[in-house]
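Colleague: Got a structure for you, written out below as structure tokens; questions coming shortly.
The values are calculated or read from the model by the stated rules, or taken from the named source; none is laboratory data. Treat the numbers as computed from the prediction; the structure is a model and nothing was measured. Here the Cβ positions follow ideal geometry from the backbone for every residue, glycine too, while neighbour counts run over all protein chains shown. Accessible surface is based on the protein model in full, side chains and every heavy atom, while ligands, DNA and RNA are left aside. Shrake-Rupley method; radii C 1.70, N 1.55, O 1.52, S 1.80 Å.
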Amino acid sequence: MVKYINHLKDSKDYYFQIIEEYKDVFKRDCNIFYFLFVTSVVNRSLSINRGFQLLTEDNNYLCAIPLMRMQIDNCIRFWGLELVNSQNDYIKNWSKGEKISRLKDKNGNKLSDKLLVEELDKRYAHVKGIYDQACNFVHLSNQNLFNTVKLKPNTRTLYGGITGFDKIPDDVKKNIDRSMLYINNVLIDLIKQVTEKMK
């Protein structure tokens, strides 16, 4: 049984557990394209988690949040497997470097990131909300302004400074950590689904 992670620092151990649990499947009768796809996603997700942990420990959430967006990208690429007629063609096109957005789902819709996120959100609530919030940090938006300049309470005075550090409130940081943990568990669940189908 795949265990889900309760703390971000446990991520690495649990991803390796997934690979160990299903390595016999890979050896026995796994489609090589599945193997390459799963391995690439797991390896990328490990690097993303390591970077996220290092940045948050350094109180650099502004740079950590885009990594959460990248982890969501892993999830939606995995979810794309469930939406297409031919999973083999999906992975083959991916392995050739072709854009997923040029492919179509079973209903003939192009697999844009927007579509993939919306479809994944139907299965895992809150994914779209987390994705949208993360995008606000990836792109220069008013969110960056609010985290740089503050209004002094009960006055009309603005204050801020160029420090190289974000000014994200602690409660927001905790929510970001919880969101990353949730996305990690979504990815673990998606990996579990794919590998179980390979048995």
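Colleague: Can you work out the Karplus-derived ³J(HN,Hα) for every residue in the stretch 113-119? Use 6.51 cos²θ - 1.76 cosθ + 1.60 with θ = phi - 60°, whole Hz, and x for glycine or proline.
Modeller: Calculated HN-Hα couplings, in order: 4, 4, 5, 4, 5, 5, 5 Hz.
Colleague: Now for a separate question. Which order do you get for Ile91, Ile32 if you rank them by accessible area with a 1.4 Å probe, largest at the top?
Modeller: Ile32, Ile91
Colleague: How high is the FRET efficiency between Val138 and Asp189 when r is their beta carbon distance and R₀ equals 22 Å, given to the nearest 0.05?
Modeller: 0.35
Colleague: Order the peptides 129-135, 183-189 from the highest to the lowest mean number of other Cβ atoms within 10 Å of their residues. Before the final figure, lay out each step's value.
Modeller: Details: 129-135: 18.4, 183-189: 21.9.
Final packing ranking: 183-189, 129-135.
Colleague: Okay, moving on. What ranking, highest mean first, results for peptides 106-118, 74-86 when packing means the other Cβ atoms within 10 Å averaged over each residue?
Modeller: Highest to lowest by the protection proxy: 74-86, 106-118.
Colleague: Any idea how far apart Asp58 and Asn109 come out in nm if each label point goes 7 Å out from Cα toward Cβ?
Modeller: 3.9
Colleague: Hey, another quick one. Over 23 Å between Cα atoms, which of Lys99/Lys174; Lys122/Lys192; Lys128/Lys173; Lys92/Lys128; Lys96/Lys128; Lys104/Lys128 qualify?
Modeller: In this structure, Lys99/Lys174; Lys92/Lys128; Lys96/Lys128 lie more than 23 Å apart at Cα.
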